[in-house]
1. Starting from the Cα of Lys192, draw a straight line to each of the aspartates and glutamates and keep only those under 13 Å, dropping any in the same chain fewer than 8 residues away.
2. Positive end of the charge dipole of the stretch 3-314 (Lys, Arg +1 and Asp, Glu -1 on Cβ, about the Cα centre): tell me which of Thr257, Leu224, Gly124 has its Cα farthest that way.
3. Taking only Cα atoms, what is the 0 to 90° angle, nearest 10, from helix 243-254's long axis to the longest principal axis of the chain?
4. To make sure I understand, if each residue's beta carbon is the centre and we count other beta carbons within 10 Å, what order do Arg33, Arg48, Arg193 fall in, fewest to most?
5. Taking the Cβ of Pro127 as the center, what net charge do the other residues with Cβ under 12 Å away carry, scoring Lys and Arg +1 and Asp and Glu -1?
6. Net charge near Lys4: determine it from the other residues with C-beta under 12 Å of the C-beta of Lys4, scoring Lys and Arg +1 and Asp and Glu -1.
7. Restricting to Cα pairs below 8 Å that are 6+ residues apart, what does the relative contact order work out to for the stretch 146-235? Please round to a whole percent.
8. Working from Cα positions, state the angle (0 to 90°, nearest 10) between the long axis of helix 179-193 and the longest principal axis of the chain.
Amino acid sequence: MKKKLFIAGHTGLVGSALARHFGLRSSWEVVTRARKALDLTRQEAVDRFFQEVRPEAVILSAGRVGGILANSKEPAAFVYENLMMEANLIHAAWKAGVKRLINFGSTCMYPRISAQPMKPEQLGTGPLEPTSEPYAVAKWAGLTLCRAYNRQHGTRYTTVIPATVYGANDHFSLEGSHVLSALLTKLHEAAKRGLPEVTLWGTGGSRREFLFSDDLAEAVSLILEWDGSEDPIQVGSGEVVSIARLAAEISKTVGFTGAIRWDASRPDGAPEKSLESSVVRGLGWKPKTDLAGGLRKTYHWFLEHEVKRLDEVIA
Ligand SMILES: NC(=O)c1ccc[n+]([C@@H]2O[C@H](COP(=O)([O-])OP(=O)(O)OC[C@H]3O[C@@H](n4cnc5c(N)ncnc54)[C@H](OP(=O)(O)O)[C@@H]3O)[C@@H](O)[C@H]2O)c1
């Protein structure tokens, strides 16, 4: 008998990688719901879904997610929607008898200035990065909810904190995207138009640890089956690069040969974000995809979908 696994947010960057991964594993029957069928900010609808479907396990990979610009423009949406989704799903899961749940935290939960690589004991030890504070506070609430339900109700709800994720189904727009997908979109356009130079936000000096979405899915799969009590569990690739190096790597991938200028009047975000990931490494996980290989796969997906979008317009 296959066990039912509800993957919330299966159309997103993280959720789609999870759905692909678990869809291939015989022990799980993956259950998904599109947003138009189940809006996770609606408590009654979420309750009804859990009472009807009764999954054995849940992965909460739905959320309102975005880069610096989106976080700065819509702080209320970032805190409200994430809080609602976490509270509704975690409470409804507990009421329906779900014992195992994976929730996602974020590196934004760490103080803006943190020793690297970041360790869970540093959480809550200093001020947050102001641009993402509303999102980070909602992510904190998710961690706290899981811990509180574990303490009061004996559940095993674990928060996974991944490094900066990229891959298929990322948001490829200049406004709503994370740094990697925004740079890929911009440098792709520049290469296509043969521009002699592009100007990118920030100094290029801040450093990030990039994790390919399919590698994260493998880590989550190990964590879901594991019966340890460590919480949160961090997942980083170990490949920490400056944004300038990332831009150079993306330029190679998309064939942009012009010059890159940096607009230092624009925000950089936190100077560095990398994660201490010894627990998941101890489970035997290590990433299979390096940055250059992951960028190639992501760009391939981007081009396929760009062609599809054009086809739709022409049709
Ligand atoms: N991306 C990263 O680098 C990163 C890093 C650390 C943690 N995380 C965490 O990982 C989780 C997933 O992030 P992601 O990057 O995969 O985000 P994403 O690509 O934006 O996907 C979000 C998913 O949530 C769904 N969703 C949003 N609001 C919903 C609602 N009201 N009802 C139902 N579904 C809703 C979206 O559905 P639609 O397709 O309908 O929009 C989509 O499937 C989040 O909790 C995030 O905090 C991500």
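Computed from the coordinates by the stated procedures, all read-outs in this text should not be read as laboratory data. Computed from a predicted model, the values in this text were never measured in an experiment. Note that each Cβ is placed from the backbone with ideal geometry, even for glycine, and that neighbours are counted across all protein chains shown.
1. Cross-link targets: Glu306.
2. So the residue we want is Leu224.
3. 80 degrees
4. Details: Arg33 19, Arg48 13, Arg193 8.
Final ranking by Cβ density, sparse to dense: Arg193, Arg48, Arg33.
5. Working: positive: Arg112; negative: Glu129, Glu133.
Neighbour charge sum, excluding Pro127 itself: -1.
6. On the way: positive: Lys2, Lys3, Arg54, Arg100; negative: Glu29, Glu52, Glu56.
Spelling it out: positives minus negatives among the neighbours equals +1.
7. Values: 80 pairs, mean separation 37.8, N = 90.
It rounds to 42 percent for the stretch 146-235.
8. It works out to around 40 degrees.
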